[in-house]
């Protein structure tokens with residue numbers, strides 16, 4: 001594990017980070033090496049962290065671990081708020097076909113855990129924000145891929161999550177729709193001051209959406225990070241890391 | 001988009017009829033019936049598309065029903081010819097002559113038995129189906145959800161469903177006495193397996209992503225059951241109930257020949273004992289017609305609903 005946390009400003013002392021991960025370990029039975037072996041990261045309130053990395057580096061495993069979908073072997077995951085409010089958007093929208101668009105967005109309100117934060121009137125606000133008001137009562141089978149994924153973002157936002165976890169949310173869409181939705185999500189994140197943990201394999205998506213971009217290089221965690229707004233990071237710089245990333249140096253803690 | 005709502009589908013309507021091949025060649029195919037995700041789990045499902053298919057092929061929406069009427073007329077003609085040709089051989093066959101039916105119907109209605117017995121049979125059928133659904137759906141949920149339960153129960157379930165429910169008739173009468181209870185028991189014993197098997201198939205066809213979505217939104221196991229599992233398996237359960245309905249209607253007639261003194265099955269034996277063979281045949285016709293009506297009603301009641309708005 002890296003001994004220091006080089007050059008990375010921590011969250012302001014007054015506010016706790018939205019998410020703190022320390023020493024996360026995860027092995028799959030039968031696998032020769034662990035999928036995650038001491039991963040650390042900090043996600044600040046209101047920022048979008050885009051996680052890039054080669055296929056099989058375990059970045060999706062990391063997201064699933066944070067989402068509680070993978071039992072852990074060690075380490076800790078702490079949310080800023082004690083009730084660990086997060087929501088996940090998966091690569092496939094996973095909408096419930098027996099419900100309308102509006103009912104899909106309101107799904108979280110049917111679960112006791114979200115009762116204190118969920119207001120039905122917010123669903124209508126969200127439909128407006130997401131540009132889905134005209135489709136509110138449409139059966140979800142009739143939606144395009146991009147519309148369906150916007151509904152799935154709305155379903156996540158309806159429970160007012162402290163952290164929004166996005167697992168390659170746009171990778172199944174055609175390039176034009178993908179670009180539209182990236183810009184749309186960028187605006188949404190700013191407008192609603194969202195805290196986002198985004199796993200992607202699309203370098204341009206990471207640059208478009210990420211306040212910070214972390215390069216996830218394998219079980220030990222992050223190797224490099226960029227702050228596009230400050231450094232003017234280019235896709236080329238990031239791609240260079242894909243080509244020569246495994247230099248054996250210690251991991252970064254981001 | 002993911003999560004296409006997998007639905008049991010009519011397995012009986014073949015995509016291409018043979019007389020159709022002769023007329024139009026093999027090039028016409030029906031896309032709705034070739035979708036592999038819509039194959040049913042256990043026999044035929046709600047046959048929504050059959051009438052539409054017929055009309056598309058032959059041009060007129062009345063062609064199918066018209067051929068049906070023709071089929072009935074041919075059958076009646078054969079029936080008439082046979083019962084007249086063989087009338088000398090047996091008094092029973094003579095009593096079966098079609099022209100004697102109106103008199104038999106009148107006689108049955110006069111005694112008020114057909115309506116009363118039909119209602120009695122229907123009531124027992126509904127009770128049996130309710131019991132079978134109440135047992136079959138939870139059992140199917142368990143079989144579909146838990147591997148170990150599936151492995152443990154498989155030999156017993158396979159054994160029980162291959163035992164004709166009527167084999168239990170003496171046991172049912174001995175334990176439950178005479179009256180409605182043994183009939184309801186036998187109907188439930190026949191109806192429980194299609195419902196169980198279809199429910200289990202529905203659970204196995206669940207989209208794991210739907211479960212994960214509910215889980216990450218904080219659903220408890222009970223909430224997952226209510227908001228994901230039950231709505232997902234609904235079409236499978238409906239198909240199971242419809243299959244069960246058909247089997248139950250077949251089983252209820254012999255079941256009513258044992259230990260009860262009402263119902264359509266009893267009425268067949270009653271007519272035989274009174275040597276009123278024409279009335280016996282009328283009861284058989286009523287059983288068939290009621291069964292057809294029940295199946296139509298079930299198709300309509302158990303059709304897949306449009307998403308709630």
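Kindly indicate whether residue B:213 is part of a helix (DSSP H, G or I), more than 13 Å from chain A (Cβ to nearest Cβ) and out of contact with any helix residue (DSSP H, G or I) (no Cβ under 7 Å at 6 or more places or on another chain). Steps first, please.
Values: part of a helix (DSSP H, G or I): yes; more than 13 Å from chain A (Cβ to nearest Cβ): no; out of contact with any helix residue (DSSP H, G or I) (no Cβ under 7 Å at 6 or more places or on another chain): yes.
Answer is no for this residue.
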Select from the range B:216-225 the residues that are facing another protein chain (nearest Cβ under 8 Å) and part of a helix (DSSP H, G or I) and write down the one among them that is farthest from residue B:145 (Cα to Cα). B:216
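Okay, residues lined up against (1) crowded, with 21+ Cβ neighbours inside 10 Å; (2) at pLDDT 90 or above; (3) part of a loop (DSSP other than H, G, I, E, B); (4) touching a strand residue (DSSP E or B) at 6+ places or on another chain (Cβ under 9 Å):
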{"site": "A:93", "(1), (2), (3), (4)": "yes, yes, yes, no"}
{"site": "A:96", "(1), (2), (3), (4)": "yes, yes, yes, no"}
{"site": "A:108", "(1), (2), (3), (4)": "yes, yes, no, yes"}
{"site": "A:134", "(1), (2), (3), (4)": "no, yes, no, no"}
When the residues of the range B:184-210 are filtered to those that are within 11 Å of chain A (Cβ to nearest Cβ), in contact (Cβ under 8 Å) with a residue 40 or more places away in the chain and out of contact with any helix residue (DSSP H, G or I) (no Cβ under 6 Å at 6 or more places or on another chain), which remaining residue is surrounded by the fewest Cβ atoms within 10 Å (Cβ to Cβ)? B:209
Residue in the range A:102-126 that is nearest to the other protein chains (Cβ to nearest Cβ), counting only those that are under 25 Å from residue A:145 (Cβ atoms) and within 21 Å of the chain's Cα centre (by Cα): A:108
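Each row is one residue, and each column tells you yes or no for (1) at pLDDT below 80; (2) surrounded by fewer than 17 Cβ atoms within 10 Å (Cβ to Cβ).
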site	(1), (2)
A:1	yes, yes
A:5	yes, yes
A:10	yes, yes
A:19	no, no
A:30	no, yes
A:35	no, no
A:40	no, no
A:55	no, yes
Residue A:206: assigned to a helix (DSSP H, G or I) and crowded, with 24+ Cβ neighbours inside 10 Å, yes or no? yes
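The values are calculated or read from the model by the stated rules, or taken from the named source; none is laboratory data. Predicted, not measured: the structure shown is a model, and the values here were computed from it. Every residue, glycine as well, gets a Cβ built from its backbone with ideal geometry; the counts of neighbours run over all protein chains shown.
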